[in-house]
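As structure tokens, the structure follows; a few thoughts come after it.
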Amino acid sequence: MADKEEWRWVCVEAGSRLDGDSDEEEEEDEEYDPTRLDEDGLLRPLTRWGQTLACLPSSSTALSFFLYGGRDGRFADGYIYPREVWTCSLKSVGEQSLEWRCGPLVGDDDTATPKGRFLHSTCVVGRDLLVWGGHDDEDVFDDLHLLDTDTMQWRLVECEGEGPGPRYAAESVTLADDLVLVYGGKDDSKAFNDLHLLRFTSADKQRAQWTKLAPMGQAPTPRDCGTATLLNKKLYVIGGADEEREVFVYDVETNAWSTVTPPDESSDEAAWPTLRSGHACAPVAGRYIVMFGGCTPEALHGDTHVFDTEQGTWKQLSLPEEGQPARRAGHSLVALADARTVALFGGETVRPDKLVDMATLNDLHLLQLTS
């Protein structure tokens, strides 16, 4: 990895106070209202984890993205699974000024809008936002929905073929305006390592066809809560609840798996991230994959690593503490349209007053490649 590359974290919005830190806790009879201002008098998304972020590649606003789903548990009714879509727009990294906009609200009987869920899969298809799978602690979903980002209207897609079935913690990436690749995930009983193609078969994207792939090479072992990041027609599978530290690479053009293995030398080995799940990754500058956070049974991480896809090497970034996110898992990263900035939102962290309790977050940070 080139030594001249410089990175920096910027805290754009610190978010709501951690659960239990506020004297204004939710009343027992209070219902969730996404349009209500928070304790700081601001309109912004509820704290949550397991949500997804997505960015239109041709966005006229280089620093903007969509937020959907996730789970929060601060209300009397138990967990909240928000159904509304949020749009975040920033003027620039330096100005740190942003605007959150809450999309149209929906009723419980609206079948075109996805049910509330977390650990679902999201990607952008043309100017549509695709949402597939996920669960709500009762049901695991396999329904497929598209949001028209111009009209902010949802539609339910009819699917045929050999699909993955109900899953959560899977990854979806866009190969073309009518083609999506889905990797892995988990159902009620086991994790998966398979690949499926989803091809839209009508111009209005109302219908689609699933196809299960049979790739060559050694696939990753089944896992959940890892990441699969598409860069230059290759899918990079990193981490997950497993014992493999290799980076697994699926070549879309050859339909084959390969691996990037940690070197034997102890000095280089130290540069490879520790095993983890619940982390998040995003591509940067057509070459790098940024990874932040995640957890193991023993620890919650707050480190930032960069994988150089050209060199096949990892580097842990040593950055100023100011602006860095707190350690967490279940957060989301998305590459913004400028291709040099990554947005991080939400997740779960350890409460400062109770080390055994977790707190959900709604803070927003940007990681920028500055040179």
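Quick one: which of GLY184, GLY133, GLY126 is farther than 17 Å from ALA54 by Cβ and of a type in the set (Gly, Ala, Ser)?
The unique qualifying residue is GLY184.
Could you please find all residues in the range 272-326 being under 24 Å from GLU13 (Cβ atoms) and acidic (Asp, Glu)?
Passing the criteria: ASP303, GLU321, GLU322.
Where the second residue is not in a loop (DSSP other than H, G, I, E, B) and the first is modelled with pLDDT under 75 and lies in the range 54-67, which pairs have Cβ atoms under 9 Å and are six or more apart or on separate chains?
Short answer, once both residue conditions are applied: SER59/PHE65; THR61/SER89; THR61/LEU90; ALA62/LEU90; ALA62/THR341.
Taking only pairs six or more apart or across chains, which ones have beta-carbon atoms under 7 Å, a first residue in the range 309-329 that is within 22 Å of THR296 (Cβ to Cβ), and a second residue that is of a type in the set (Phe, Trp, Tyr) and assigned to a loop (DSSP other than H, G, I, E, B)?
Every condition considered, the pairs that remain are TRP314/TRP272.
Of all residues in the range 210-226, count the ones that are in contact with a Phe, Trp or Tyr (Cβ under 8 Å, 6 or more places away or on another chain) and at pLDDT 95 or above.
Number of matching residues: 3.
Would you confirm, using the coordinates I've provided, whether ALA203 is in a loop (DSSP other than H, G, I, E, B), among the hydrophobic types (A, V, I, L, M, F, W, C) and without any contact (Cβ under 8 Å) to a residue 24 or more places away in the chain?
So ALA203 passes the test.
Checking PHE345 against (1) among the aromatic types (Phe, Trp, Tyr); (2) modelled with pLDDT under 90; (3) closer than 23 Å to PRO45 by Cβ, which single condition isn't satisfied?
Failed condition: (2).
Each row is one residue, and each column tells you yes or no for (1) farther than 21 Å from ARG327 by Cα; (2) at pLDDT 95 or above.
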| site | (1), (2) |
| --- | --- |
| LYS233 | yes, yes |
| VAL252 | yes, yes |
| ALA256 | yes, yes |
| PRO273 | no, no |
| SER277 | no, no |
| MET291 | no, yes |
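Within the range 138-161, take every residue that is free of Cβ contacts under 8 Å to residues at least 60 places away in the same chain and over 17 Å from TRP210 (Cβ atoms) and give me the one that is surrounded by the most Cβ atoms within 10 Å (Cβ to Cβ).
Among residues in the range 138-161 that are free of Cβ contacts under 8 Å to residues at least 60 places away in the same chain and over 17 Å from TRP210 (Cβ atoms), the one surrounded by the most Cβ atoms within 10 Å (Cβ to Cβ) is TRP154.
What is the number of the single condition among (1) small (Gly, Ala, Ser); (2) modelled with pLDDT of 95 or more; (3) surrounded by fewer than 17 Cβ atoms within 10 Å (Cβ to Cβ) that SER189 does not meet?
SER189 satisfies every listed condition except (2).
Please specify each residue of the range 146-161 satisfying the condition of being touching a strand residue (DSSP E or B) at 6+ places or on another chain (Cβ under 8 Å) and closer than 17 Å to PRO104 by Cα.
LEU146, LEU147, ASP148, THR149, MET152, GLN153, TRP154, ARG155, LEU156
Looking at this structure, is HIS301 surrounded by 22 or more Cβ atoms within 10 Å (Cβ to Cβ) and either touching a Lys or Arg at 6+ places or on another chain (Cβ under 9 Å) or under 22 Å from ARG223 (Cα atoms) (or both)?
no
Considering (1) farther than 15 Å from TYR236 by Cα; (2) surrounded by 19 or more Cβ atoms within 10 Å (Cβ to Cβ); (3) not hydrophobic (A, V, I, L, M, F, W, C), say which one ARG199 fails and leave the rest.
Condition (2) is where ARG199 drops out.
Evaluate the range 3-14: report whether one residue or more is assigned to a loop (DSSP other than H, G, I, E, B), modelled with pLDDT under 90, touching a strand residue (DSSP E or B) at 6+ places or on another chain (Cβ under 9 Å) and among the charged types (D, E, K, R).
So the first thing to find is which residues in the range 3-14 are assigned to a loop (DSSP other than H, G, I, E, B), and the list is 3-6, 14.
Imposing the further condition that a residue be modelled with pLDDT under 90 reduces the set to 3-5, 14.
Now narrow it down to the ones that are touching a strand residue (DSSP E or B) at 6+ places or on another chain (Cβ under 9 Å): 5, 14.
Filter once more, so that each one left must be among the charged types (D, E, K, R): 5.
Yes, some residue in the range 3-14 is assigned to a loop (DSSP other than H, G, I, E, B), modelled with pLDDT under 90, touching a strand residue (DSSP E or B) at 6+ places or on another chain (Cβ under 9 Å) and among the charged types (D, E, K, R).
The values are calculated or read from the model by the stated rules, or taken from the named source; none is laboratory data. Since the model is a prediction, treat every value here as computed from it, not as a measurement. With ideal geometry, Cβ positions are generated from the backbone for all residues, glycine too; neighbour counts draw on all protein chains shown.
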